[in-house]
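Worksheet: one structure, shown below.
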Amino acid sequence: MKRHVSGYVDTILAEGDEPLSNPSNNAYFGDILEKRLSRRGMLKGSLATVIAGLMATKFPLNSAFAAQGGVSSPSIGFAPIAVSAADSVTVPDGYRVQNFIPWGTPIGGDMPAFALGASGDDQGNQVGSHHDGMHFFPLEGSSTEGLLVLNHEYVEPRFMHAAASGLSLDRNGFPQHEDGSRDADQVIKEMNAHGVTIVRVRQGESGEWEVVQDALNRRITAQTAMRISGPVAETDYVKTKYSPEGTMTRGTLNNCAHGVTPWNTYLAAEENWSGYFANQDADIDRSQARYGIQTRDTGRYQWHRADRDDEMFTRFDASSKGASAADDYRNEPHAFGWMVEIDPMAPESAPVKRTHLGRFAHEGVIFAPAIEGQPVVAYSGDDARFEYIYKFVSSQPYQAATADGSLLDEGTLYVAKFNEDGSGEWLALAPGQHGLTPDNGFVDLADILVNTRSAADFVGATKMDRPEWGAVDPATGQVYFTLTNNTQREEGDEDPANPRANNSFGHIIRWQEAGSHAGERFEWDLFVLAGDHQDSRDLAGDSLDDESIFASPDGLWIDPDRRVWIQTDISESVMNEGIFEVFGNNQMLVANPETGEIKRFLTGPIGQEITGVITTPDQRTMFVNVQHPGATTTAEAFANGSFSSHWPEGGSAIPRSATLVITREDGGVIGA
Ligand code: FEO
Ligand code: CA
Ligand code: CA
């Protein structure tokens, strides 16, 4: 068995993505298979042959999948478009695109206009940056008016501050004083560009969508007061100087994908949050080390080094400075890595960190359709190399009349194990289960949840190739997850669920639960191996073609008609280069879940990823996010003012993340 350790350079990693931090001895399937094969006297190296055989023609379809006859395929009626490397958005003939709510659009307060010189406080009344997961909450069932709620994953400071102009800054760079400290207002602006935007929008007479000033409009940021709920609340793990009782914290970070609860609230995921923290303690335990925090005086944006002494900044240094945890911010990182529940219809309500859904690099969360009298079930992936897929099952049954977030505070968190024969099992991460006992280092449920990754290591979960978004097929209940890539999986470490070494292109896995979504067993198969014309495989066993090649699947959504929308996030560090050149800019495609047919629907501008997709209830308006256009701008080009993208304004404008509003010229259903 191998251990993976940090300390190497991975060129495919995007900015902010976590370094490797899974040191567990969990078996890779490769090890298991190899052992089984050598017991049978077969030569080492035969594993590759076995996997090649599995993948040669068709995926091994399980009976659970073959038995899905009688369910109708969705119509996918548009003419697929070609890949593109242009600095523009392309959609099929007959479709229209409006660029909407770019970073800095005013939504509240005194409606501060977008300007590079806008202040930190102005940013608190404007749409944040780096748009990601998103949902449309219709007002009174309307398809022309509702609340658009969207995450803002991170920021690119060089494109945010007037003071950055002319400096040699790459996509990680930010203006600093000579001593390394940072301008406090710049830090506030960056904090306020994180989080979530809630904005009322409507379709005007002309058909164009517009922002409506409204009391429901709200910004949730890296500073917003939040309640900690569930088994970790009020424990020693989350006691800080700000909240000596361990009931509250401030802010949410790196909100990637999202989820929508059956009771119609919004969940924002906290993904690559650990990079924001400095910690100068010599000994850092698993509750931080297993999440990538190492002894260091640096944070992603050096927020802890603002040039104004205030705990709103210094809390990002988790060093032990006081007499106890209630005197400093050594526990501040324990307040991150959760799913955050927000009620968009209650603007005064504090967001709630729901700790029973586990602590990791949550990409997002997807709920199974709620059934009256049955438990609530939610799936969530941990997006880092060799991390896991989880699900939460509530203790209390769903009752539509009374359901609320308290259902997420009591239940069981499970982690997935994908067996090589196409079966799978959910392993409970609960006290006394699978050896999660004090003797083995897991004191209680709060300990297990704060150290979710360590608990999952211990029970022997399957190490996956970066689990990203999930989606549930409304007709079959099959659950799909994107596995975006993993170039650190070595030969011999492949397994049937993650079958490629040096997995540059990623794949999509799906499973069918045995019985209900709350059950502990499932059957799985692979929906598609993404890739180019040679190194790819669709459900029919064919290679992808001009209409369907893609890499690094990330965003995923299945619409009410069962169209599987796939969004790509080839890292800005490699896009349009080498083996990735053939894919052009990041894109969105549509797949048929029955036949596996895939067609390209949209291509985005230069340097961005396409992420976040939802339609209005009538499916006649689709919202899609474009994140980090221009991220491929080099430091030298930035200094010269020559950005790789000027989208969406064009000309010499700075690039800005924004939302696309997509409609059909004939007013029809998107994708049909
Ligand atoms: Fe934020 Fe895993 O993408
Ligand atoms: Ca993502
Ligand atoms: Ca991604």
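The values are calculated or read from the model by the stated rules, or taken from the named source; none is laboratory data. Everything numeric here is computed off the predicted structure, so don't read it as measured data. Here the Cβ positions follow ideal geometry from the backbone for every residue, glycine too, while neighbour counts run over all protein chains shown. Keep in mind that these areas ignore ligands, DNA and RNA; they rest on the heavy atoms of the full protein, side chains included. Shrake-Rupley method; radii C 1.70, N 1.55, O 1.52, S 1.80 Å.
May I ask for log10 I(q)/I(0) of region 64-152 at q = 0.14 Å⁻¹, from a Debye sum over the Cα atoms as equal point scatterers with solvent left out?
For region 64-152, the Cα-only Debye profile gives -0.83.
Could you bin all the Cα-Cα distances of the chain into 20 Å bins starting at 0 and give me the percent of pairs in each, rounded to whole numbers?
Histogramming the chain at 20 Å steps yields 19, 57, 23, 1 percent.
For a protection proxy built on the mean count of beta-carbon atoms within 10 angstrom, sort 572-585, 649-662 highest first, please.
Sorting 572-585, 649-662 by mean packing, highest first, produces 649-662, 572-585.
log10 I(q)/I(0), Debye, Cα-only region 151-245, no solvent, q = 0.20, 0.24 Å⁻¹?
Log-scaled intensity ratios, in q order: -1.03, -1.15.
Treating the beta-carbon of each Lys and Arg as +1 and of each Asp and Glu as -1, no other charges, what is the dipole magnitude of the chain about its Cα centre, to the nearest 20 debye?
Details: 51 positive and 95 negative charges, 198 e Å.
For the chain, the charge dipole is close to 960 debye.
As a quick test, which of the pairs Lys353/Lys391; Lys391/Lys463; Lys321/Lys463 have an alpha carbon distance above 27 angstrom in this structure?
Numbers: Lys353/Lys391 17 Å; Lys391/Lys463 15 Å; Lys321/Lys463 36 Å.
Long pairs (Cα-Cα over 27 Å): Lys321/Lys463.
What per residue convex hull volume, in Å³, do the alpha-carbon atoms of region 262-376 yield? Walk me through the intermediate numbers first.
Numbers: hull volume 16.6 nm³, N = 115.
Residue-normalised Cα hull volume stands at 144 Å³.
When you count, for each residue, the other Cβ atoms within 10 Å and take the mean per peptide, how do 348-355, 180-187 rank with the highest first?
On the way: 348-355: 20.6, 180-187: 18.9.
Descending packing order for the listed peptides: 348-355, 180-187.
Using a cut-off of 12 Å between beta-carbons, work out the net charge of the residues near Glu665 (Lys and Arg +1, Asp and Glu -1, Glu665 not included).
+1
In square nanometres, what is one fourth of the surface area of the convex hull spanned by the alpha carbons of region 596-649?
Average of the hull's projected areas for region 596-649 equals 5.4 nm².
Taking K and R as +1 and D and E as -1, what net charge do the other residues with C-beta under 13 Å from the C-beta of Val196 add up to?
Working: positive: Arg218, Arg219; negative: Asp132, Glu153, Glu270, Glu341, Asp343.
Its environment carries a net charge of -3.
Percent relative contact order of the chain, based on C-alpha pairs within less than 8 angstrom and at least six residues apart?
17 percent
Expressed as a rounded percentage, what relative contact order does region 572-672 have, with Cα pairs under 8 Å and six or more residues apart?
Contact order relative to length: 22 percent.
Spelling out what I want: for every residue of region 291-300, take phi, set θ = phi - 60°, compute 6.51 cos²θ - 1.76 cosθ + 1.60 (Karplus), and round to whole Hz; glycine and proline get x.
Computed from phi, the couplings for region 291-300 are 10, x, 7, 10, 5, 6, 9, 10, x, 3 Hz.
Viscosity 0.890 mPa s, temperature 25 °C: give me the Stokes-Einstein translational D for region 565-638 in µm²/s, with Rh taken as the Kirkwood radius over C-alpha pairs. Provide the component values of the computation, followed by the final result.
Working: Rh = 13.6 Å.
My calculation gives 181 µm²/s for D.
For region 133-179, restrict the atom set to alpha-carbon positions and state the Rg and Dmax in Å.
Rg then Dmax for region 133-179, in Å: 18.2, 55.
Taking only protein heavy atoms into account and a 1.4 Å probe, give the accessible area per residue of the chain in Å².
33 Å²
Kindly provide the helix-only [θ] at 222 nm of the chain, computed as the sum of -39,500 (n - 2.57) over DSSP H runs of four or more divided by all residues, to the nearest 500 deg cm²/dmol? Walk me through the numbers before you get to the answer.
Working: 10 runs with 67 residues, N = 672.
The helix-only estimate for the chain comes to -2500 deg cm²/dmol at 222 nm.
In whole angstrom, how far apart do the alpha carbon centroids of region 157-205 and region 98-122 sit?
12 Å
For region 165-217, what is the convex hull volume of its Cα atoms per residue in Å³?
154 Å³
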